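Below you'll find the structure, written out as structure tokens, and then a few comments.
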Amino acid sequence: MKTFTIDGVTYKSKPFGFNMLCALENAGLSLDEVKKKPMLMMRTYVAECADVSYEEAGAMIERHVISGGTYDKILECLVAEIDESDFFRALKTRGEEQGAEQETQKTPKKATK
């Protein structure tokens, strides 16, 4: 089980599945925006793991960093949960299959004589 500590309190990481994706969307973060807004994703993840509001999660992270902590372990847990998620693997596989299918459709066929 993966854990991270914020301000002296240890939290268990939560798996990334459909419900976590919904939580990200509730926070205003679409799957397409994850790389563009890593802090929003981290705050949402902490809120879900700690069962607190987004504002409280942000305040927790802020206090933790101000007191000398880092968010490396939070990000490590977050990335590990994404990497291990069967749900995200299925989404990625389907996305790659659809991308390959679209590329095939875009490639003009050679005329046969």
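Dividing the Cα radius of gyration of the range 21-72 by 2.2 N^0.38 Å, with N the residue count, gives 1.12.
What shape does the range 3-106 have by the C-alpha gyration tensor, where a ≥ b ≥ c are the square roots of the eigenvalues, rounded means a/c under 1.5, and otherwise prolate means a/b greater than b/c and oblate the rest? Prolate, because a/c is 1.5 or more and a/b exceeds b/c.
Summarising the label geometry, the points placed 7 Å from Cα in the beta-carbon direction at Glu84 and Lys35 lie 2.5 nm from one another.
Where a number appears in this text, it was derived from the coordinates with a stated rule and is not lab data. Because the structure is predicted, anything quoted here is derived from the model rather than measured. In this analysis, Cβ positions are derived from the backbone assuming ideal geometry, glycine residues included, and neighbour counts consider all displayed protein chains.
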